[in-house]
1. Could you tell me how many of the residues in segment B:369-382 are within 11 Å of chain A (Cβ to nearest Cβ), crowded, with 24+ Cβ neighbours inside 10 Å and not β-branched (Val, Ile, Thr)?
2. Could you tell me whether C:Gly124 is touching a Ser or Thr at 6+ places or on another chain (Cβ under 9 Å) and more than 24 Å from C:Gly176 (Cβ to Cβ)?
3. Take B:Ile150 and tell me if it is within 17 Å of B:Val132 (Cβ to Cβ), in a helix (DSSP H, G or I) and more than 11 Å from every other protein chain (Cβ to nearest Cβ).
4. Does A:Glu49 fit the bill of being out of contact with any Asp or Glu (no Cβ under 8 Å at 6 or more places or on another chain) and either facing chain B (nearest Cβ under 10 Å) or buried (at least 20 other Cβ atoms within 10 Å of the Cβ) (or both)?
5. Quick one: which of A:Arg42, A:Arg31, A:Arg51 is assigned to a helix (DSSP H, G or I) and assigned by TED's automatic domain parsing to the domain that holds A:Leu109?
6. Checking C:Ile120 against (1) β-branched (Val, Ile, Thr); (2) touching a strand residue (DSSP E or B) at 6+ places or on another chain (Cβ under 7 Å); (3) in contact (Cβ under 8 Å) with a residue 40 or more places away in the chain; (4) surrounded by fewer than 24 Cβ atoms within 10 Å (Cβ to Cβ), which single condition isn't satisfied?
7. Tell me which helices (runs of 4 or more DSSP H) are completely within segment B:354-415 and hold 2 or more residues being among the polar types (S, T, N, Q), or say none if there are none.
8. Please count how many residues of segment B:182-221 are part of a loop (DSSP other than H, G, I, E, B) and at positive phi.
Amino acid sequence: MDRRLKRRLESRFADRLAGPIRQRHDETELRIGPGDVPDVMRALHDEPELRFEILADLAGVDTGHAMQVVYHLWAPTTPDWLRVIADGLSRDDPRVPSITFLWKGAEWLEREAYDMFGIIFEGNRDLRRIFMPPDYTSFPLRKDFFLPDDAARSPGAGVRQMERTHVPRDAPATGHIRRTPAG
Amino acid sequence: MTATRQPTDDSARYDIPAHASADDPRVLLEEQIGVYEPVPPFPPRTEREAEFYTVGDGEMLINIGPHHPSTHGVMRIVMKIDGEKVVDLDPVLGYLHRGVEKICENADFHQTITHLDPLEYVSSLFCEWPAVMAYEKLLDVEVPRRAEYIRVLSGELNRISSHALAIGFHALDLGGLTPILYSFIERDEIVEMLAALTGQRMLFNYFRIGGVNGDLNHEFMSRLGDWMSRATTEINANLGLLNENEIFVRRNRGLGTIDTETALRMCWTGPNLRATGLPFDLRRAHPYSVYPELDFDIPTRAEGDSLARYLLRVDEIKQSLRIIDQCLQQMPDGPVMAKLPRLLRPRPGRAWAGIEGPRGEYGVYAVSDGTDQPFRFRIHDPSFLHLQSFNLLIPGNLMADWMAVNASLDPIMGGVDK
Amino acid sequence: MAVTRNDAGPDVTADTAVVPAPPSGVAEPVVVPNTLWRADDPLAYRGGQGGLEITHLAEIEASGAAARDDARWSGALEIIPTKADYIVDLIRANSLWPLLSGLACCAFEMMSSATSRNDIDRWGMFPFRASPRQADVLIVAGTLTTKMAGPLLRLWEQMPEPKWCVAMGDCTCSGGRYKRSYSTVQGIDRIMPVDVYVPGCPPRPEGLIYGMMKLQQLVKDRRGHWPERAVGPSVPDGV
């Protein structure tokens, strides 16, 4: 629980914070809007007092009302983990600028968030599906994608017939894939 | 769902062929079972795809398919090669994507710990550890010291077995069939020990929120004592088979070199990052559990190539043996599990926990909404990011060097694909 | 459903008596109506609308060997006693070469059963072949996802017969812990015929060895003979 870090972040990013900085155990949490992501992350990475050079994780979260992208960072300057939550992405068209200009390794993490949630990372040169097959038409970790109680009882051996029609823009135009849920 | 049930036993049907085949209507996959041409059958959707699938003069796209003898798991690499030299790579993942995060959202907190085991299946305890740490942060639970020591002890044993396997597979992928057998000897001994402690050889399911599942028992201690008395000599002999092997050294030296700055930009952690010269180990950089009380070094090497990664793993095994010694000497008495209610309902909140696993930083981000199931359960795996660096490490080398680099990065596809 | 055989025997018509060599060198197939047998059930084989014709190369039609509907042992070879079968099965059972098809965690227990402590080389199974063309038994070890189902089925089809399949681990037997998942196949018997199921998560190497010994017994009893296998989920209704 690093109070100095909290004061430093509050003074540096006062105008961009979308909520209070919270601290619990050894984590400090920062909330910003999606448009502020590149500037805040660049400041966190480059400034000599902050030096958050290690991106530990990039995750998408679907809260039911909105989508979030959560970044976890580590710095040698503070004993806390820093969590940056880019909150307020819409659930229908979630867009957030990509941080691949800072960490090239975020490319695949962003691909994964796109694959699971449909979050478009603007500026990512390679935003396509990474886990699901390229002609898959749903985003599995969204809250409106349901798992059946027993996949074996469904004729499709899975949830293919329950997929919603949120078709990703990059889904290939092949004839044999249905765009509407079957049955 | 209003679809009608299909009969489950089709052996009496005479109008469909008796063996399954791709044309069989009973194959219950709605997509056509795919042909795996290297070139995707639709126009490129991203810049990188267009750049990769544009083949120059003399270049060829080949598919190192999801099934290949390199035993790290099922991964597909589309390689653009010019003769024997690799020009570019496109790894295709997802052949082991099991939807663990979605399953964990529908399971209780205790059940999610079991679901994490098969991710990095050779080091299952390190998969469970950040999850229990994140839940302990959400619930504000204090873990008894004896439980922490047992966690460290079993974790370091698991680290030794994981590194031994990594070394063995490194040699196996380069064609050496002997070191893998020695590695499996080490692994089998350690895993039998852990089976005496946890009940399972591989997917241990041992850590619990607030402690561990059971105390040390006589069988575990006797096997451990027996093994420790010969561990150092055995490990030096068996795993040091390759240290001076000319073929191994010449194949790995200078291959897949990366410098610290690039590695940090690629979000590398763990032994791969320490082999580039940066002594970043979460056990010292962000201490958790009882690691502050234990005395061990962080091995680091400066070259950043495959050989450095291999030698670093051998060094880490020796450090783990030191840690196990100290754990055994300093083991406190007490309970091994904190008192918790059966049904856990943490306050709404978020928690992140990251630990140092054998491959790097293994992390769990748990979001709780006040119910007994996690709202979002995000697993961060280190091998995912190491595989991303293929495009930096391998172009310019030969195809066989892809194998060496892949093996030295030690990915486990269960964790990569979740 | 019984198949009745016409007692008239092979139907030799005038146009199959002598077949000159085709001028282009390419042997054109000859399609003759099926007069060897007919199915009892009127609905079988698409109600007799089609598919019953027999297609032969012209030489086979001319030589009369096409008259047999069971082409396994033909002519003089039919009288070789079943002891040959027994020896051949004994040979096959004691050198089952597995295909290296480890997908996930169970692969490590499979490898552990192949290495020094639990050595399946005692039963001749050490060479894990990388190529399906050289393998006898496909031990599917690890979770099968829908993305991997295609390649795995291709591997199975590429294996030459006789071939057997062992489903190792809970994920391949029935979906296991991934029963609710959106991207796994709930048991590989949905897409390929399975001979031996080895449950466990993961099964101990001794368990896999027990399964392989059962497979050997199966091979010797010719119970796993591929045309008679049933394909489909083996979980009964209501479970």
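The values are calculated or read from the model by the stated rules, or taken from the named source; none is laboratory data. As the structure is a prediction and not an experimental result, all values here were calculated from the model. Counting neighbours? That spans all protein chains shown, and the Cβs are built from the backbone with ideal geometry, glycine included.
1. Here the count works out to 5.
2. So C:Gly124 fits the description; yes.
3. Answer is yes for this residue.
4. no
5. Of A:Arg42, A:Arg31, A:Arg51, the one residue that is assigned to a helix (DSSP H, G or I) and assigned by TED's automatic domain parsing to the domain that holds A:Leu109 is A:Arg42.
6. (2)
7. The qualifying helices (runs of 4 or more DSSP H) are B:382-388, B:399-409.
8. Of the residues in segment B:182-221, 3 are part of a loop (DSSP other than H, G, I, E, B) and at positive phi.
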